[in-house]
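Notes to accompany the following structure.
The numbers here are math on the coordinates, done by the rules we state, and not lab data. Given the structure is predicted, the values throughout are model-derived calculations rather than measurements. Here the Cβ positions follow ideal geometry from the backbone for every residue, glycine too, while neighbour counts run over all protein chains shown.
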């Protein structure tokens with residue numbers, strides 16, 4: 001359980017280019033059980049800049065969990081996932097692929113790139129909220145997340 005982590009918020013990085021999905025996720029998490037901070041990167045390049053603390057993200061906090069869309073501008077989510085899982089300093093961060101794609105090849109490729117789980121976004125608001133809350137319930141209250149380096 002994450003009960004030993006109550007002294008700091010759970011850091012979540014959402015990599016999503018759709019402002020509507022970002023807002024829905026923020027709303028779904030707002031009523032959640034876990035103290036969290038949500039950072040948002042709107043494309044794959046910005047996500048890697050954030051994770052690698054490149055300008056303008058030199059002071060970014062290493063996330064405890066990444067919510068990753070696959071269909072992103074500049075660098076798609078598959079490339080971002082491959083880069084995360086290839087980097088020894090990032091690979092232990094759980095990555096939840098949260099995308100509209102139901103294509104079997106996307107599911108297989110994401111798992112082959114070591115995604116921790118693959119969730120298809122529903123288009124219905126209520127279902128989307130339930131999915132985000134289920135992700136929160138599982139990843140932030142049931143699972144023991146790896147510690148951040150230096151903590």
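Taking R0 as 30 Å, what's the FRET efficiency between residue 27 and residue 111 from their Cβ-Cβ distance, rounded to 0.05? Step by step, r from the Cβ atoms, then E = 0.55.
Of all the options 39, 47, 115, the one that moves most in a Gaussian network model of the chain with Cα springs shorter than 10 angstrom is 39. In the chain, helical runs assigned H by DSSP with n ≥ 4 each contribute -39500 (n - 2.57); averaged across all residues and rounded to the nearest 500, the mean residue ellipticity at 222 nm is -10000 deg cm²/dmol. Cα-based values for segment 96-151, radius of gyration first and Dmax second, are 13.4, 41 Å. Spatially, segment 92-151 and segment 1-73 are offset by 12 Å when compared through their Cα centroids. Quick one: grab the alpha carbon gyration tensor of segment 15-66, order the square roots of its eigenvalues as a ≥ b ≥ c, and give me rounded if a/c is under 1.5, else prolate or oblate depending on whether a/b is larger than b/c. Oblate, because a/c is 1.5 or more while a/b does not exceed b/c. For segment 10-140, dividing the convex hull volume of the Cα atoms by the residue count gives 97 Å³ per residue. Exposure proxy shown here: for 144, 61, the number of other Cβ atoms within 10 Å sets the order, fewest to most, as 144, 61.
Full extension of the segment from residue 104 to residue 74, taken as 0.36 nm per residue of separation minus the current Cα-Cα distance, would add 8.5 nm.
Here the simple spin-label model places points 7 Å from the Cα toward Cβ, and for residue 141 and residue 37 these points are separated by 2.3 nm.
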